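Taking it in order: structure first as structure tokens, then the write-up.
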Amino acid sequence: MKDPECAIVVEEVTDPQELAAAQVQDERFERNVSWLREHAEEVYSHHRGKFICIAGGELFVADTPEEVLSLARRAHPEDNGRYLRYIPREKVARIYVHPRRVAFL
Amino acid sequence: MYIPGEWHFCDDGTERPVIRGEILALTSTWEKTLFLVDTGADRTVLSADALAALGVPTLPPDQRLGGLGGVVDAVPVGTTIRLPDGQTGKVTFRGQFAAVADPDMLDMSVLGRDITGLFAVIVDRPGDVVCLVGQRHRYAIHTV
């Protein structure tokens with residue numbers, strides 16, 4: 001039987017280069033999140049049940065995450081702050097799965 | 001350590017507590033994603049979109065996760081999650097996590113108690129605060 005609750009190793013990032021790169025990525029992500037915020041009503045009403053990805057301030061839509069990622073990466077290979085997500089089929093109140101171990105195969 | 005989050009406007013018009021993070025992909029690049037701060041979740045679970053972005057070969061499900069929506073197959077993912085640190089910039093969490101490939105079962109990655117349990121978790125809608133607080137940081141409750 002596998003133990004899924006193995007230890008988590010926590011480390012602070014101190015490398016200035018990694019932190020600088022992360023900041024650039026964060027800024028790109030913020031631009032894409034902001035784009036979706038501004039176009040939320042239109043995007044959410046037209047693309048339920050689809051995967052969307054915003055990259056370079058452009059919306060991509062597909063049936064699978066692999067497909068939409070491929071479209072976004074091809075169009076904006078420089079944008080590593082892509083915002084990828086799934087739009088649920090229905091607007092319903094959500095009680096998120098409270099994951100607990102129930103069985104191991 | 002202080003990990004800031006935010007109230008994020010979702011597709012159904014509801015604002016939910018999330019933390020912006022990254023997951024280390026097979027290509028050694030960091031893939032951005034949002035993590036729902038779920039104080040009831042036992043484990044951190046990646047959603048289908050996050051799993052796809054990692055580019056890891058899909059293994060057969062080796063565990064099942066249960067909740068009010070029923071029981072769902074999950075695949076193990078050994079990776080690193082990186083979150084913002086208000087003090088140093090970034091902090092990483094390396095370990096074995098789970099991922100759910102069915103987007104209708106989990107549309108957003110969830111930060112569970114394997115990570116949040118290391119911190120005090122503040123999810124305060126009236127105060128517009130979402131954050132994890134630990135190590136050299138503390139919080140206080142004041143009467144006003």
For A:Glu18, what charge total do you get from the other residues with a beta carbon under 14 Å from its beta carbon, if Lys and Arg give +1 and Asp and Glu give -1? -4
Taking other Cβ within 10 Å of each residue's Cβ, how do B:Glu6, B:Glu15 sort, fewest first? B:Glu15, B:Glu6
Quick shape check on chain B: root eigenvalues a ≥ b ≥ c of the Cα gyration tensor, a/c under 1.5 is rounded, otherwise prolate if a/b tops b/c, else oblate, and it reads prolate
List A:Tyr44, A:Tyr86 from most exposed to least, where exposure is judged by having the fewest other Cβ atoms within 10 Å. A:Tyr44, A:Tyr86
What ranking do B:Val56, A:Val43, B:Val37 get, fewest neighbouring Cβ atoms within 10 angstrom at the top? B:Val56, A:Val43, B:Val37
Shape call, the protein assembly as shown: gyration tensor on alpha carbons, a/c limit 1.5: rounded
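Taken together, the values in this text are just the output of simple stated rules run on the coordinates, not laboratory data. All figures in this text were calculated on a predicted structure; none of them were measured in a lab. Methodologically, a virtual Cβ is constructed for each residue, glycine included, from the backbone with ideal geometry; neighbour enumeration extends over all protein chains shown.
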